[in-house]
Amino acid sequence: MDKKYLIKQLKDLSDGLKLGISEEAIEKAISFSRFRVYSKGEVIARTGDKTTAAGIVINGVIRSYYVDRDGNDITQYFAPEGSWCIDSGMVGFAEMQANWEAIEDTTVMLFDVKDMKALIYSEEQLKNVWIMALESGMRYKIYRENGFLVENATERYVEFRKRYPELARRVPLRYIATYLGITPESLSRIRSALKEGENMN
């Protein structure tokens, strides 16, 4: 890919997310990164893989998922444009804590974890962005836990649509169902009931 195009694409992504990362910092990150396009349905990383590399989604959507002891596929997280992915190493894990799969044809900026951390710690601006990312991750974790503790399945689905309207349109319903902790059949019934309620108003 053309370097100027990549810098512009990443700068636009940064500005769209209101991160304010400078072109200079982006250029440094590009210098030790590679870019790969994953096909829809392609598994990018698996639980137990080494975590020397991590990535940022440039376009497309990736999901993080695990398989429980009964063989159930459970979605943990969706990573759209601008999100970290395959990032267990960025928070100190030696092995990948989940599987990662492309939901759409997806371009990922891949980099060595050590190189990215060295860059983050050398730039005050990037340190602040990293702190914002960690805080966002904590808020997300609390939101997820609260949802399972105090909301029923319908409330979790309504909240998901409200928080992530674009993902609600782009992600297959079977993955949204496992993210919400319900079966696809249950989600179908919830969606039908909500539509019926809307039609009555």
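The values are calculated or read from the model by the stated rules, or taken from the named source; none is laboratory data. In this text the structure is predicted, and so the values were computed from the model without any measurement. No Cβ is skipped: glycine too gets one built from the backbone with ideal geometry, and neighbour counts run over all protein chains shown.
Remarks
- The lone exception for Glu104 - which of (1) assigned to a helix (DSSP H, G or I); (2) of a type in the set (D, E, K, R); (3) modelled with pLDDT of 95 or more it fails: (1)
- If you filter the stretch 13-62 down to residues that are closer than 27 Å to Thr75 by Cα and hydroxyl-bearing (Ser, Thr, Tyr), you find that the one that is modelled with the lowest pLDDT is Ser14.
- Among residues of the stretch 134-156 that are free of Cβ contacts under 8 Å to residues at least 40 places away in the same chain, those with a beta-carbon under 8 Å from a residue that is basic (Lys, Arg) at least six positions away or on a different chain give the pairs Tyr143/Arg163; Gly147/Arg156; Phe148/Arg156.
- For the stretch 104-124, taking the residues that are among the hydroxyl-bearing types (Ser, Thr, Tyr) and within 16 Å of the chain's Cα centre (by Cα), the one that is farthest from Ser39 (Cα to Cα) is identified as Thr107.
- Scanning the stretch 43-77 for residues that are touching a residue at least 24 places away in the same chain (Cβ under 8 Å), acidic (Asp, Glu) and closer than 24 Å to Leu180 by Cβ yields a single hit, Asp73.
- Tyr65 of a type outside the set (Asp, Glu) and modelled with pLDDT of 90 or more: yes
- With respect to the conditions (1) among the small types (Gly, Ala, Ser); (2) out of contact with any Ser or Thr (no Cβ under 7 Å at 6 or more places or on another chain); (3) crowded, with 18+ Cβ neighbours inside 10 Å, Ser186 falls short on a single one, namely (3).
- Residues in the stretch 75-96 that are in contact with a strand residue (DSSP E or B) (Cβ under 8 Å, 6 or more places away or on another chain) and exposed (fewer than 15 other Cβ atoms within 10 Å of the Cβ) were compared, and the one that is farthest from Arg174 (Cα to Cα) is Ala94.
- Only residues that are of a type outside the set (Lys, Arg), part of a helix (DSSP H, G or I) and crowded, with 16+ Cβ neighbours inside 10 Å were counted in the stretch 1-36, giving 10.
- Scanning the stretch 97-152 for residues that are closer than 22 Å to Arg174 by Cα, charged (D, E, K, R) and exposed (fewer than 14 other Cβ atoms within 10 Å of the Cβ) yields Lys141, Glu145.
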